[in-house]
Amino acid sequence: DHLVVEMARCIADRDVVATGVASALPMLAVALARATHAPRLTYINCVGAVDPDIRSASPSSVDPRLLERCEGTVSLPEIFDLGRRGRIDLMFFGAAQVDAGGRTNLTCIGDFARPSVKLPGPAGSSSMRPHMSKVVISVPRHSTRSLVDRVDFSTTAASSRNRVTSVITDKALFRLEGGRLRPVSRAAGVSVEQLQSATGFALDAAGEASAAPTRAEAAALRALDPAGIRHRMI
């Protein structure tokens with residue numbers, strides 16, 4: 001549960017939060033934050049639903065049924081416009097690769113002209129990330145393949161408007177400080193040595209042990225995801 005709990009903790013009460021496609025775990029984190037410490041957040045889902053009623057965990061964040069049980073709707077161009085005007089505080093992003101400088105890769109593995117793997121592409125990430133005050137990048141499977149020294153292709157990079165950039169994996173929480181990712185905390189049972197061996201760049205800090213989920217967080221997660229769908233997505 002480390003990944004979902006730490007993502008939820010990045011959200012402050014009254015934040016305006018957005019998620020894109022393939023964001024089932026971030027959507028669950030939004031629901032967890034709303035059920036615990038951030039009841040007054042505003043959530044914009046990529047289908048255009050504003051403050052949808054997220055009753056339970058879902059394997060997909062692209063669910064048109066959210067439009068049937070929400071407080072309002074916006075169009076896709078309006079979501080991009082809100083982002084560019086600084087009206088969205090925090091957005092969740094995914095990545096096949098994240099490097100030591102906080103750049104993400106959703107484009108290709110290998111040389112761009114002759115890639116060994118073609119990835120899904122940036123969707124809205126390259127347009128939205130530069131304008132976010134808070135950037136949260138989720139990497140469900142932490143390994144030397146996903147946490148690399150330098151991405152094969154830079155799909156997105158940090159900008160001066162990004163006040164806080166967090167990278168959250170199943171093993172650790174990183175923050176971008178001075179242009180470099182540094183571990184802030186490690187998931188339960190993950191040693192400094194294990195974290196370093198699973199990371200493709202040198203770590204210049206050890207990070208503290210992550211705080212365990214509170215009783216309220218654990219109870220809310222059980223209520224939102226009694227079937228454990230979240231575990232099958234990591």
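The values are calculated or read from the model by the stated rules, or taken from the named source; none is laboratory data. If you're wondering where the values come from, they're calculated on a predicted model, not measured in any experiment. Virtual Cβ from ideal backbone geometry, glycine too; neighbours counted across all protein chains shown.
Just to be sure, is Gly101 in contact with a His (Cβ under 9 Å, 6 or more places away or on another chain) and either within 21 Å of Ala8 (Cα to Cα) or modelled with pLDDT of 95 or more (or both)? Considered against the rule, which asks whether it is in contact with a His (Cβ under 9 Å, 6 or more places away or on another chain) and either within 21 Å of Ala8 (Cα to Cα) or modelled with pLDDT of 95 or more (or both), Gly101 comes out as no. Number of residues in region 56-71 that are within 13 Å of Cys46 (Cβ to Cβ), touching a helix residue (DSSP H, G or I) at 6+ places or on another chain (Cβ under 9 Å) and exposed (fewer than 12 other Cβ atoms within 10 Å of the Cβ) equals 1. One residue stands out among those in region 114-139 that are loosely packed, with under 15 Cβ neighbours inside 10 Å and on the phi < 0 side of the Ramachandran plot: the one that is modelled with the lowest pLDDT, which is Pro120. Taking residues in region 78-99 that are closer than 28 Å to Lys118 by Cα and in contact (Cβ under 8 Å) with a residue 24 or more places away in the chain, and partners anywhere that are in a helix (DSSP H, G or I) and among the hydroxyl-bearing types (Ser, Thr, Tyr), the pairs with Cβ atoms closer than 6 Å and at least 6 places apart or on different chains are Phe93/Ser125.
Within region 9-41, track down each residue that is in contact with a Pro (Cβ under 9 Å, 6 or more places away or on another chain) and over 19 Å from Arg129 (Cβ atoms). Passing the criteria: Asp13, Ala24, Ala33.
Taking every residue in region 194-206 that is within 15 Å of Gly179 (Cβ to Cβ) and pairing it with any residue that is part of a loop (DSSP other than H, G, I, E, B), at least 6 positions away or on another chain, the pairs with Cβ-Cβ distances below 6 Å are Phe201/Ala100; Phe201/Asp149. Scanning region 142-156 for residues that are outside any loop (DSSP other than H, G, I, E, B) and either polar (S, T, N, Q) or free of Cβ contacts under 8 Å to residues at least 40 places away in the same chain (or both) yields one hit, Thr156.
To keep it simple, each residue is scored yes or no on (1) surrounded by 13 or more Cβ atoms within 10 Å (Cβ to Cβ); (2) in a strand (DSSP E or B); (3) at pLDDT below 95.
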residue	(1), (2), (3)
Ser185	yes, yes, no
Gln196	yes, no, no
Ala202	no, no, no
Pro213	yes, no, no
Leu221	yes, no, no
His231	no, no, yes
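Between Ser166, Ser127, Ser159, the distinction of being under 16 Å from Leu90 (Cα atoms), out of contact with any strand residue (DSSP E or B) (no Cβ under 8 Å at 6 or more places or on another chain) and not in a loop (DSSP other than H, G, I, E, B) belongs to Ser127 only.
Would you confirm whether or not region 91-103 contains a residue that is within 28 Å of Gly179 (Cα to Cα), outside any loop (DSSP other than H, G, I, E, B) and in contact with an Asp or Glu (Cβ under 9 Å, 6 or more places away or on another chain)? Scanning region 91-103 turns up at least one residue that is within 28 Å of Gly179 (Cα to Cα), outside any loop (DSSP other than H, G, I, E, B) and in contact with an Asp or Glu (Cβ under 9 Å, 6 or more places away or on another chain).
For region 170-179, a residue qualifies if it is farther than 21 Å from Met128 by Cα and either in contact with a Cys (Cβ under 6 Å, 6 or more places away or on another chain) or not in a loop (DSSP other than H, G, I, E, B) (or both), and the qualifying residues are Ala172, Leu173.
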